[in-house]
Every structure is written in C-alpha cells, then in structure tokens.
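In what follows, a structure is listed as structure tokens, so that the remarks can point back to it.
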Amino acid sequence: RDHPQEELRLMAMKIVDECISCGACEPECPNTAITAGESIYVIDPEKCTECVGAYDTPRCVEVCPVDGCIITDPEHTESKEELETKYARLH
C-alpha cells in the first residue's frame, strides 16, 4: 500500500442526456471515439482512452459547453497502462 494512487482506475468517458448535440466534442477526440447518436453524441468505450497518450485531460470535457455533460463511465474502467496500450493499438 505504498502508492494508493496506483490503485486508481481510469474509465472511458460517457456523454449523458444533458448533451445539446452541439458537436464540439467530436472533432476533438484523437481516437475518433465520438459520434452523433440518435439524440445525443455517444462515446465508443472501445476507442476512448480518456485522451491518455494524446492529452493530459479528456479533450471532450474541455470543449463541452454543458457542465457535467461528459462523465467517466463506471462500467468501463481501465488502468492508465491499459489506456496507453489501447491508444497505441488505435494509432
């Protein structure tokens, strides 16, 4: 238990119903994980790396004009190493 931070799990991002479908997030995603859904934009958890490998923080959250619209998805948790591996595989 020397480094409790290492236990921290990162997660894929998820867009919630507050999404206004402005599309600001889609071109910002380095992994093309964001697409227009039926009523809101959606993030493919298989492609989302929380921008690990590309940016320090998730770009979609930074550019989204709606506060709290893009959250971490508790159903898709991965370690930083797993996200880095996924990013490398996607690129």
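The values are calculated or read from the model by the stated rules, or taken from the named source; none is laboratory data. The structure displayed is predicted, hence computed values, not measured ones. Note: ideal-geometry Cβ built from the backbone for every residue, glycine included; neighbour counts use all protein chains shown. Areas reflect the complete protein model, heavy atoms only, side chains present, ligands, DNA and RNA absent. Shrake-Rupley method; radii C 1.70, N 1.55, O 1.52, S 1.80 Å.
Which trypsin sites (Lys or Arg not before Pro) in the chain sit in a loop by DSSP (not H, G, I, E or B) and have at most 10 other Cβ atoms within 10 Å of their own Cβ?
In loop regions of the chain (DSSP not H, G, I, E or B), the sparsely surrounded trypsin sites (Lys or Arg not before Pro) are R1.
Give the list, by residue number, of cysteines in the chain with no other Cys Cβ closer than 4.7 Å, or say none.
C19, C22, C29, C48, C51, C64, C69
Using the alpha carbon gyration tensor of the chain, what are the three equivalent-ellipsoid semi-axes (square root of 5 times each eigenvalue), largest first, in whole Å?
23, 14, 11
At 7 Å along Cα-to-Cβ for each site, give me the label-to-label distance between E82 and E26 in nm.
2.9 nm
Just to confirm the number: angle between the C-alpha axis of helix 80-90 and the first principal axis of the chain, 0 to 90 degrees, nearest 10?
60 degrees
So, with +1 on the Cβ of K and R and -1 on the Cβ of D and E, and no other charges, what is the size of the charge dipole of the chain about its Cα centre, to the nearest 20 debye?
180 debye
Rank L90, L83, L10 by accessible area, highest first, at a 1.4 Å probe radius?
Of L90, L83, L10, the descending order of accessible area is L90, L10, L83.
Sort out the exposed loop GluC sites (Glu not before Pro) in the chain (DSSP loop, at most 14 other Cβ within 10 Å) and tell me the longest stretch that has none.
Maximal segment without exposed cleavage sites: 47-91.
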